[in-house]
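Let me begin by presenting the structure, written as C-alpha cells, before commenting on it.
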Amino acid sequence: MWRIIRIVILLFVLATVAQTAWLARARSIEWRTSLRVVLYPISTGTTGTAARYVAALREPSFDIIEGFFVDEGKRYALALAQPVDVRLAPPIASQPPDPPFGGSRLAVILWSLKLRYWAWRNDNYKGPKPHVRIFVSYHDPAERPQVPHSTGLHKGLIGVVNAFARSDMDGSNAVVITHELLHTLGATDKYDPVTNQPVYPDGYADPDAAPLLPQARAEIMAGRIALSETRAEIPVRLDDVLIGGRTAREINWAR
C-alpha cells in the first residue's frame, strides 16, 4: 500500500514539474513583456586572462544583444518595444557538466537533468527571477584557440555558451550567445551538421537575392554567411546577422 502511495506522489511531483516547465516555455514566447535573460559568466583556464576579463564585464557590454532584438522585432512588427532584457549575474566558479555529444538519447536526458540541477545550485543572481539563464564559460584564446560547442535547452530554458575572453571577440561572442538564446525559445539550427553550410532557403539571410551567392549577411540560426555552395564564413558581429522567416515563426514572431 505504501509503495503505491509513494509511486502516486512521485508521479504527481513529476507531472507538476513537467506542467511548470511547459508553462514557462509557453510564456517565454508570448512577448507580452520583455524576456528577462540573465547571463552567468564563468572563467576557465590557468593563465588568469579569462578571470580578469570576466571581472571587467558589465551589463552594458551586452546592450548589443538587446539592440539586436529591438531592431529585428521592428522588422517583424512586434508590438513589444524591448523584446529582451539582458542582465548580468556575478561570476560563478563552478563549471557546467560537459554535454555528451554523440551520446545515446538516455545519456542526453541524464545530462539535461544534471545540467538543470547544476544550474539551480549555482544560480547566484539576486534580482528578479530570470526567464532564461545563459551560462557563459570564457576561455583564453591563447590557451584554447578552439572552444567546445555551445548548446541551448528549450525544455529547461538554459543555455551553455563557450566564448573567448578577448575584447576584440565580443562581437562574435554576442552572436553565439544570441544563437543559443534563440535555441532556448524553440528556434532550430538551419545549417548542415556535416558541412556546417547554411541550408537553403531557411539558412539564408536573403533567399530571394539575385544572384543568390554570395550572401551579405547570415541567418542567425545558420551561424554562417553563405559565400558559395561550399564556402561560408562566421559572422563577427550581430550587425552581420538577422532573424529569418522560419526562425521568426518558431519563436512566435510571425505566422
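How many percent of all Cα-Cα pairs in the chain sit more than 35 Å apart?
17
Tell me the trypsin sites (Lys or Arg not before Pro) within the range 136-211 that lie in a loop according to DSSP and have at most 11 other beta-carbon atoms within 10 Å.
none
Given springs between every Cα pair under 10 Å in a Gaussian network model of the chain, which of 133, 105, 224 has the largest fluctuation?
Residue with maximal mean-square fluctuation among 133, 105, 224: 105.
Rounded to the nearest 500 deg cm²/dmol, what is the calculated helix-only ellipticity per residue at 222 nm for the chain, with -39500 (n - 2.57) per DSSP H run of length n ≥ 4? Please report the intermediate quantities before stating the final value.
Working: 6 runs with 85 residues, N = 255.
Rounded to the nearest 500, it is -11000 deg cm²/dmol.
Going by amide H atoms built from the backbone, whose H comes under 5 Å of the H on residue 221, apart from near neighbours?
Long-range HN contacts for residue 221: 244.
If each Cα of the range 103-255 is one equal point scatterer, what is log10 of I(q)/I(0) from the Debye formula at q = 0.15, 0.17, 0.21 Å⁻¹?
Summing over Cα pairs of the range 103-255 leads to -0.87, -1.08, -1.39.
If the reach is capped at under 30 angstrom between alpha carbons, list the lysines near residue 114, excluding any in the same chain fewer than eight residues apart.
Straight-line reach from residue 114, under 30 Å: 126, 129, 155, 190.
log₁₀ I(q)/I(0) of the range 189-255 at q = 0.13, 0.26, 0.29 Å⁻¹, via Debye over equal Cα point scatterers, no solvent, to two decimals?
Here log10 of I(q) over I(0) equals -0.30, -1.12, -1.31.
What share of all Cα pairs of the range 158-212, in percent, falls into each consecutive 5 Å distance bin?
Pair shares across the bins are 4, 17, 17, 21, 21, 13, 5, 2.
No value in this document is a laboratory result; all are computed from the given coordinates. All figures in this text were calculated on a predicted structure; none of them were measured in a lab. Methodologically, a virtual Cβ is constructed for each residue, glycine included, from the backbone with ideal geometry; neighbour enumeration extends over all protein chains shown.
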